[in-house]
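The next block holds one structure in the form of structure tokens; read it before the comments.
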Amino acid sequence: QVQLVESGGGLVQAGGSLRLSCAASGSIITPYTMGWYRQTPGSGSQRELVAEITPSGTSNYGDSVKGRHTISRDNANNTVLLQLNSLTPEDTGVYYCNARFALFAAKFGNWGQGTQITVSS
């Protein structure tokens, strides 16, 4: 079973950038669809898709972040990155890394502990 540890969150001003990293252990990430989800103050317990990337490298983004953020995977280092640009206060939340097999929904996958991003106006 894959274990995930996120890093790279923090406090940033609106318009700024951050890069999140998700380090996997216990299993290689090659067969997994890797994703980033977030839980914002307005979403309650719901986790919203930010971005995901399939084993073949196809990426998919949530509507609220399209064009601003970029997901990438480094299978050699068992790592997934999320570059966040043009951040707004609405991007504030806890960002979670997820690993799932393609036929299963994210909720059935493995989650990291999350990393907090706070965007000040």
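The values are calculated or read from the model by the stated rules, or taken from the named source; none is laboratory data. Just so it is clear, the structure is predicted and the values come from calculations on it, not from any experiment. Because the Cβ atoms are built from the backbone with ideal geometry, glycine has one as well, and the counts that use them run over all protein chains shown. For accessibility, only protein heavy atoms count, side chains too; no ligands or nucleic acids. Shrake-Rupley method; radii C 1.70, N 1.55, O 1.52, S 1.80 Å.
At a glance:
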quantity: Estimated vicinal HN-Hα couplings, Hz - the range 6-11 in sequence order (Karplus 6.51, -1.76, 1.60; Gly, Pro = x); calculated: 8, 8, x, x, x, 9
quantity: Inter-site label distance for GLU48 and SER7 at 7 Å from Cα along Cβ, in nm; calculated: 2.8
quantity: Cα centroid of the range 99-116 to Cα centroid of the range 24-56, whole Å; calculated: 5
quantity: Listed residues PRO89, ALA24, GLY42: farthest to the positive end of the dipole of the chain (Cβ charges); calculated: ALA24
quantity: Magnitude of the charge dipole, the chain, Cβ model with Lys/Arg +1 and Asp/Glu -1, debye to 20; calculated: 120
quantity: Relative contact order (%) - criterion: Cα under 8 Å, at least six apart; region: the chain; calculated: 36
quantity: Where the chain is the region considered: accessible area per residue in Å², 1.4 Å probe; calculated: 50
quantity: Karplus-derived 3J(HN,Hα), 6.51/-1.76/1.60, for each residue of the range 32-44, Hz, glycine and proline x; calculated: 9, 7, 9, x, 10, 10, 9, 10, 9, x, x, 9, x
quantity: Solvent-accessible area, 1.4 Å probe, carbon plus sulfur percent, for the chain; calculated: 52
quantity: Rh (Kirkwood; distinct C-alpha pairs) - the range 15-67, Å; calculated: 12.8
quantity: PHE108/LYS66 FRET efficiency (R0 22 Å; Cβ-Cβ; nearest 0.05); calculated: 0.30
quantity: Cβ-defined net charge surrounding PRO31, 13 Å radius [Lys, Arg +1; Asp, Glu -1]; calculated: +2
quantity: Estimated translational D of the chain in µm²/s (Stokes, Kirkwood radius over Cα pairs; 4 °C; 1.567 mPa s); calculated: 92
quantity: Residues in the range 82-100 reached by a label modelled at SER56 [backbone nitrogen below 18 Å; 7 Å Cα→Cβ]; calculated: 100
quantity: Cut-off under 5 Å, modelled amide H: who pairs with THR88 long-range; calculated: GLY15
quantity: Distance (nanometres) between label positions extended 7 Å along Cα→Cβ at SER120 and ILE28; calculated: 4.4
